[in-house]
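Q: Take a look at this one; I'll ask things after.
The values are calculated or read from the model by the stated rules, or taken from the named source; none is laboratory data. Being a predicted model, the structure only gives us computed values, none of them experimental. In this analysis, Cβ positions are derived from the backbone assuming ideal geometry, glycine residues included, and neighbour counts consider all displayed protein chains. Heavy atoms of the whole protein, side chains included, go into the accessibility calculation; ligands, DNA and RNA do not. Shrake-Rupley method; radii C 1.70, N 1.55, O 1.52, S 1.80 Å.
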Amino acid sequence: MSQTYDVIVVGAGVYGTTTALELHRRGRRVALIDPGPVPHPLASSTDISKVVRMEYGTDSEYMALVDEAISGWHEWNETFGEPLYHEIGVTMLTRQTMAPGGFEYESYIRLLERGRQPERLNSDEISRRFPAWRSGTYHDGFFHARAGFAESGRVVATLAQHARSNGIRVIEGMTVASVTTQRGVATGVATREGEAFSAAEVVVCAGAWTPWLLPELRAVMRPTGHPIFHLAPREPELFTAPNLVVFTADVANSGWYGFPMHPREGVVKIGNHGVGVALDPEVDERVVTAEDQLQLRDFLATALPDLVDAPVVYTRRCLYCDTLDEHLWIDRHPEIAGLTVAAGGSGHAFKMAPLLGGMIADAVEGHPNPRLARFRWRELADTTAGQEAARFHG
Ligand SMILES: Cc1cc2nc3c(=O)[nH]c(=O)nc-3n(C[C@H](O)[C@H](O)[C@H](O)COP(=O)(O)OP(=O)(O)OC[C@H]3O[C@@H](n4cnc5c(N)ncnc54)[C@H](O)[C@@H]3O)c2cc1C
């Protein structure tokens, strides 16, 4: 059975749903295909929360992008009539005094340059305002109010429902096996279920599965697994905003970050934004190991002592689609006309969701967009170092 569309979007995570909505808004007839259910349980976008922060060290380009995205998050809260984004602020804490070259120091300076008002914190201020932290562990840092978290899985569910109610065909239960081409031009997709769909444009937004669907990307894009933990504190009040807000704890040197009590789920989520483990998204198990749990307990013992023996009620190893330089990947395929690839979230793309659809649709339609320059199709040597400033690179 063949069904024809202007555009087929492969993958209904945050990249795919925002792209489908934007191309539909621009008058295209769009189908969105995902094995589902949407939000897919294994998708990176599917979780109770993702950090929304402007802080990117010396990288003013990402800071500007997220500053604009945060205005978009407020609009979405209005449009969808519920708090998908919670602007509770972020604390970025350091064990040593913040110094030039450090992620926190450079972020602080860039915020001031941008006219934002981060509030510097010393260890007394940290203990007074955020009493869950072990006194004396963190000596410096800042609180920034224009930040918080997005309920990521709920965001994708809301966007997908919005897509359906606006006439976008959201096809669940189908896995794209290949992009079909004729003489170097994309003509549609074929699914593992034996279906064929044709379209003038195909956009692959398959997250960590992207280099599996398009093997030519395996040299520059790799799925890596990262642990997250949900804990049930014995004293929830101590971990409820504003007593605790979204935080990074010397993140570029440790990877640790987290969230206060979730307003719906009633848990504290903690994750590690580190090197991760390479995983095959199709076959490898996504488990959090005893070693991961030990590292978590070590962190809590020195940082958040009242959580050190709190029960872990849920764990997950979630996949980043890592590009070698950790910049997003949004561009038309250089050898297949009519095919666009949008992936490479590298553990930090969700916060840009309100702008993703527009950027990806510009790439599909070939509209000049200066923001796409760093996300273009690019050669990356195997030795390329990751550049995301908040990430712990081991
Ligand atoms: C542990 C963890 C923590 C993170 N924390 C943050 C954070 O705090 N802040 C932040 O900004 N970002 C964060 N991120 C990054 C962010 O989640 C991702 O960059 C973003 O969600 C990627 O979205 P996506 O749409 O590319 O991929 P996904 O959400 O994974 O969606 C891909 C979709 O493609 C579908 N698919 C795959 N293969 C096929 C196929 N062959 N055919 C059809 N469909 C297919 C899948 O079912 C899936 O639904 C984190 C990521 C992880 C893993």
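Q: Using the beta-carbon distance between residue 29 and residue 177 and R0 = 22 Å, what value does 1/(1 + (r/R0)^6) give for FRET efficiency, to the nearest 0.05?
A: The pair residue 29/residue 177 has a calculated efficiency of 0.45.
Q: Still on this structure: What is the distance in Å between the Cα centroid of region 263-281 and that of region 116-149?
A: 23 Å
Q: State the dimensionless ratio Rg/Rh of the chain (Rg: radius of gyration of Cα atoms; Rh: Kirkwood radius).
A: For the chain, the value is 0.97.
Q: List the residues whose amide H sits under 5 Å from the amide H of residue 28, counting only those 5 or more places along or on another chain, with H placed 1.01 Å from N in the peptide plane.
A: For residue 28, no residues qualify.
Q: Cut-off 19 Å, label point 7 angstrom out along Cα-to-Cβ of residue 277: give me the residues of region 210-252 whose amide nitrogen falls inside.
A: 222-230
Q: Next question. What is the gain in length, in nm to one decimal, between residue 378 and residue 80 on full extension, counting 0.36 nm per residue of separation less the C-alpha to C-alpha distance?
A: Result: 103.6 nm gained on full extension.
Q: How far apart, in nanometres, would the label points at residue 124 and residue 265 be if each is projected 7 angstrom from Cα along the Cα-to-Cβ direction?
A: The two pseudo-label positions are separated by 3.8 nm.
Q: What residue among 380, 84, 372 has the largest mean-square fluctuation in a Gaussian network model of the chain, using Cα springs under 10 Å?
A: In this elastic network of the chain, the residue with the biggest mean-square fluctuation among 380, 84, 372 is 380.
Q: What order, most packed first, do the peptides 341-351, 18-28 have when packing is the mean number of other Cβ atoms within 10 Å of each residue?
A: Final packing ranking: 341-351, 18-28.
Q: In sequence order, what are the phi-derived ³J(HN,Hα) couplings for region 55-72 according to the Karplus relation 6.51 cos²θ - 1.76 cosθ + 1.60 with θ = phi - 60°, rounded to whole Hz, with x for glycine and proline?
A: Residue by residue, region 55-72 yields 6, 9, x, 7, 7, 5, 5, 5, 4, 5, 4, 6, 4, 5, 4, 5, 4, x Hz.
Q: For region 263-324, what is the largest minus smallest coordinate of the Cα atoms on each principal axis, given in angstrom and ordered from greatest to least?
A: Largest to smallest, the principal-axis extents are 37, 27, 21 Å.
Q: Related question: Measure off 7 Å from each Cα along the Cα-to-Cβ vector at residue 185 and residue 241, then give the distance between these two points in nanometres to one decimal.
A: Roughly 5.0 nm, to one decimal.
Q: Highest first, please rank the peptides 55-65, 381-391, 38-48 by the mean number of other Cβ atoms sitting within 10 Å of their residues.
A: Descending packing order for the listed peptides: 38-48, 55-65, 381-391.
Q: Which ³J(HN,Hα) values, rounded to whole Hz and listed in residue order, are derived for region 102-119 from phi using the Karplus coefficients 6.51, -1.76 and 1.60 in 6.51 cos²θ - 1.76 cosθ + 1.60 with θ = phi - 60°, glycine and proline given as x?
A: Working through the residues one at a time gives x, 4, 5, 4, 5, 5, 4, 4, 5, 4, 4, 4, 8, x, 8, 10, x, 9 Hz.
Q: Please report, to one decimal in angstroms, the Kirkwood hydrodynamic radius of region 246-394 built from all distinct Cα-Cα pairs.
A: This gives a value of 17.7 Å.
Q: Skipping prolines and chain starts, which residues have an amide H placed within reach, meaning under 5 Å, of the one on residue 180, given they are 5 or more residues away or on another chain?
A: 187, 188, 189, 190
Q: Continuing with this model, one more query. Among DSSP bridges having both ends in the chain, what percentage is antiparallel? Round to the nearest 5.
A: 65 percent
Q: Based on the mean of other beta carbon atoms within 10 Å per residue, what is the order of 296-308, 117-129, most packed first?
A: Top to bottom by mean Cβ count within 10 Å: 296-308, 117-129.
Q: Based on the Cβ-Cβ distance from residue 135 to residue 113, what FRET efficiency comes out when R0 is 35 Å, to the nearest 0.05?
A: Given R0 = 35 Å and the Cβ-Cβ separation, E is 0.65.
Q: Taking the chain as the reference, fit the longest principal axis to its C-alpha atoms, fit the long axis of helix 14-25 to the helix C-alpha atoms, and give the angle between the two in degrees, 0 to 90, nearest 10.
A: So the helix axis and the longest Cα principal axis differ by about 50 degrees.
Q: Leaving out ligands and nucleic acids, and using a 1.4 Å probe, what accessible area per residue does the chain come to in Å²?
A: 39 Å²
Q: Shifting gears a bit: Using every alpha carbon pair in region 1-126, what percent of pairs falls into each 10 Å bin from 0 up to the bin containing the largest distance?
A: Once binned at 10 Å, the Cα pair distances of region 1-126 give 11, 29, 29, 19, 9, 2, 0.
Q: Share of Cα-Cα pairs in region 313-354 beyond 12 Å, in percent?
A: Counting pairs separated by more than 12 Å, the tail of P(r) holds 67 percent.
Q: OK, next. Between residue 216 and residue 198, what length in nm is gained on full extension when 0.36 nm per residue of separation is reduced by their alpha carbon distance?
A: Between residue 216 and residue 198, full extension yields 4.3 nm more.
Q: Nearest 500 deg cm²/dmol is fine: what mean residue ellipticity at 222 nm does the chain get from its DSSP H runs of n ≥ 4 alone, each adding -39,500 (n - 2.57), divided by its residue count?
A: Computed ellipticity for the chain at 222 nm equals -7500 deg cm²/dmol.
Q: Taking 0.36 nm per intervening residue step and subtracting the Cα-Cα distance, what contour gain separates residue 369 from residue 301 on full extension?
A: 19.8 nm
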